[in-house]
Amino acid sequence: MTKLVVVKFGGSVIGLDGAAIPEIVKRINDLKKDSKVIAVFSAPLTMHNGKMCSLTDVILEQGRNAESGINPSLDIVKSTYQKILEMVNSENKEDCRKTIDLHLEKVQKALDEAFVNKEFADEIRSRALAFSGEILMSHVMNYVLRSDGIKTDAVGFDDWPIITDNNIESTNFLITESKEKMGKTAKLVEENEVVAIGGFIGKTVDNVTTTYERGGSDRTAADLGILFHKKYETSIDF
């Protein structure tokens, strides 16, 4: 049976503005020597108000600003991804830049809705967090890995395999429904050395974006292990 490693890279492992990404690439190169790899990514870290924090915290602050009638800003988020973009080679850089812009447009739309509604909660909050952090980071890392010559792809949110219940901000994994939606991800695993996916994020059967509680990327890795353990000799690396 083919081996599969589900490996999670948290924000502290990714480092400040992606500083430790070269070490992550080395780690993935080592793992893929004798195993397929699903790499689960958290949101990266940045500096804000003199302290190191996750982009999750940055977006939560901007959401609170929107609720209070203060125009939210994505400047810090854009700056972080701009620094990571420098790790992408010229062949992949333009596609990566377009991917960043596309995702941050979705984040801006969610924050604009929060500003109008004076409420940053439920799916608006989940969308803002998903497309600024874990999901976007997985797509950016996909281009970083391609730049290193690794055969890789990222799971798009339209094909998300982590299906959850309707508890939007503290959601729960639904295994039967997830198995029904894992086909595209399974195909990506078959066709590539590495598949990148964002942690922490789920969606309901009705396509509503959901989030686990903080630390949810660990749960995503465990969920993927559950989904794939019958097809591959599966291990989880935290």
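The values are calculated or read from the model by the stated rules, or taken from the named source; none is laboratory data. A quick note: this is a predicted structure, and the numbers were derived from the prediction, not measured. Neighbour counts run over all protein chains shown; Cβ positions are idealised from the backbone, glycine included. Accessible surface areas use protein heavy atoms only, side chains included; no ligands, DNA or RNA. Shrake-Rupley method; radii C 1.70, N 1.55, O 1.52, S 1.80 Å.
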Using alpha carbon centers only, the stretch 98-171 is separated from the stretch 54-83 by a whole-angstrom value of 14 Å
For I38, other-chain or 5+-apart residues with amide H closer than 5 Å (H placed, Pro excluded) are V5, V6, V7, V195
Output for the stretch 135-231: GluC sites (Glu not before Pro) sitting in coil per DSSP, at most 15 other Cβ within 10 Å, listed by number, reads E169, E213
Among T99, N49, T2, the residue whose Cα sits farthest towards the positive end of the charge dipole of the chain (+1 at Cβ of Lys and Arg, -1 at Cβ of Asp and Glu, taken about the Cα centre) is T2
Carbon plus sulfur, as percent of the 1.4 Å-probe accessible area of the chain, comes to 47 percent
CD proxy, 222 nm, the chain: helix-only mean residue ellipticity via -39,500 (n - 2.57) per DSSP H run with n ≥ 4, per residue, nearest 500, stands at -16000 deg cm²/dmol
Counting only protein heavy atoms and rolling a 1.4 Å probe, one gets per residue an accessible area for the chain in Å² of 44 Å²
Treating only Lys and Arg (+1) and Asp and Glu (-1) as charged, each at its beta carbon, one finds that the chain has a dipole about its Cα centre, in Debye to the nearest 20, of 480 debye
To the nearest 10 degrees, the tilt of helix 21-31 (Cα long axis) against the first principal axis of the alpha carbons of the chain is 30 degrees
Lys and Arg at +1, Asp and Glu at -1: neighbours of N172 with Cβ under 12 Å from its Cβ sum to -4
For the stretch 112-199, the dipole about the Cα centre with charges only on Cβ (Lys and Arg +1, Asp and Glu -1), to the nearest 20 debye, works out at 180 debye
Expressed in square angstrom to the nearest 10, the accessible area of F173 with a 1.4 Å probe stands at 40 Å²
Expressed in µm² per second, the diffusion coefficient of the chain from the Stokes-Einstein equation, with Rh the Kirkwood radius over alpha carbon pairs, at 25 °C and 0.890 mPa s, is 138 µm²/s
Surpassing 32 Å at the alpha-carbon level, of the pairs K36/K181; K36/K109; K33/K181; K33/K106; K51/K231; K151/K179, are K36/K109; K33/K106; K51/K231
Once Lys and Arg are counted +1 and Asp and Glu -1 for all other residues with Cβ under 13 Å from that of A110, the total becomes -3
For the chain the mean separation of alpha carbon contacts under 8 Å (6+ apart) over residue count, i.e. relative contact order in percent, is 25 percent
